[in-house]
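Structure first, then comments.
Any read-out appearing in this document is the output of simple, stated calculations on the displayed coordinates, not a laboratory observation. Quick caveat: nothing in here was measured; it's all calculated off a predicted structure. Methodologically, a virtual Cβ is constructed for each residue, glycine included, from the backbone with ideal geometry; neighbour enumeration extends over all protein chains shown.
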Amino acid sequence: MRFATIGVTVAVLTVGHLPSKAQDVPAATSRVIDVQWPGGDAGAAPPFLESRLSKVNQTLLPVLIPRHFLKFKTFAFVGEELHYSASVLANGAKLSISGTRIAIDPPKGSRLPPERGQQITSEAGDGTSQATKVQYRAAYKVIVECEAEWDRRCVDARYARRLLSGAHLMGGGKDAPSNASEGEAAPLPPDQPFDKDFTFSPPGELTPGSGRGVVSTTVYTPDIRFPVEAGPAYLNSQVWNIGGNYGPKGSWRDKANYRYPWHDNFCESRARRTLACPSGTGHQGVDIRPADHRDATHWAVAVENGRITDVGIYTVTLVGRSGSEYRYLHMKMNRLAVQQGASVTRGQRIGLISNDFGGTPTPVHLHFELLQNVGGRGFHHVPPYTSLVRAYQGAK
Ligand SMILES: [Zn+2]
């Protein structure tokens, strides 16, 4: 069977593959612990005052920050009790470090990342590099996002590794979570599917010749909303479809690019090295076309309640109450509907889907990534395709 139909897919994706609840810590945190100093045109960065440190100390996991982050004119620390993110903008690159105590139980049938103790794992390519490690029973990660794809800080992961290994303990780290958590969210009412004519090809089945996908029906985030406000939307390859670098000649706007079935493109061939893909390199998210190719017309929205922990050069990061992290790429970055640190609710508008990607040309589309601290072994990319199929089918 090449193309699954709605009836069949409901069974495939829901029976026996629901992940269990987040491990050993409450999934919800509520106390906002932010420290920011806005950028100016001139002048030195303000010192890291005692009052700011006392705020950082409210974070329950030990807070690691590269010391030189504090010297920047613009510094943002977005924190809650169980996770934080600190970032600076440095000569065409966004440097971010984050930590979390929220570990996600591996869903049935998923592959656990290898246990590596405090050892750093890293990956790079496509204009970003990343390094992660586990320490103090928390997962820490550095992401470097570069305006220019050839920026040495993003070409390989050495710089990200150095930032992570050189990060200092700045505060935080009391042991037990307080009772500030909000508890379980109320169950959501059932919603209408985005499109009753929707069909999709199975997870891991990429466009022929475009690489090796992850063949798994595991749903890593069973409760998310679809990240585009309104349908239809088309999840398929930007590179191997019409108008793409390796696709048939033609326009990005070609109607054939705006048709079902969906095609998974997680782990599609890329130079970027990543542990998430069977071949050791590949695309770390999925690409979604909105209803048509009009720029800055269709909204990307929050997939669950949470906080905007980072606004990068062409990436916006949302950490959900569940502990999952979502990265939204290529929105119209100068017209975002949210700021770094904003609390957002499921369905709230984040930005307009566009083609911002440094200087690299790309069709109008949303690149969507999902990262989890799976089994408490560090932040890793996991396949978002099945969760998106499910969300599109009706869990709005
Ligand atoms: Zn992409």
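Structure above, values below:
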{"read-out": "Highest to lowest packing among 213-225, 242-254, 300-312, scored as the average C-beta count within 10 Å", "value": "300-312, 213-225, 242-254"}
{"read-out": "Mean Cα-pair separation over length for the stretch 314-396, i.e. relative contact order, pairs under 8 Å, 6 or more apart, %", "value": "26"}
{"read-out": "Sorted by Cβ density within 10 Å, fewest first, the residues E81, E369", "value": "E369, E81"}
{"read-out": "Proxy reagent accessibility, fewest Cβ within 10 Å first, across T345, T100", "value": "T345, T100"}
{"read-out": "Neighbourhood net charge (14 Å Cβ-Cβ; Lys/Arg +1, Asp/Glu -1) for A276", "value": "+2"}
{"read-out": "Order by protection proxy (mean Cβ within 10 Å, highest first), peptides 126-136, 200-210", "value": "126-136, 200-210"}
{"read-out": "Spatial separation of Cα centroids for the stretch 82-160 and the stretch 298-336, in angstrom", "value": "16"}
{"read-out": "Rounded to the nearest 20 debye, dipole of the stretch 33-172 from Cβ charges on Lys, Arg, Asp, Glu", "value": "460"}
{"read-out": "When each of K71/K133; K249/K332; K141/K332; K94/K332 is checked by Cα-Cα distance, pairs over 21 Å", "value": "K71/K133; K249/K332; K141/K332"}
{"read-out": "The stretch 71-169: relative contact order as a whole-number percent, Cα under 8 Å and 6+ apart", "value": "23"}
{"read-out": "Rounded, prolate or oblate (a/c below 1.5 giving rounded, otherwise prolate when a/b exceeds b/c) for the stretch 33-172 by Cα gyration tensor", "value": "oblate"}
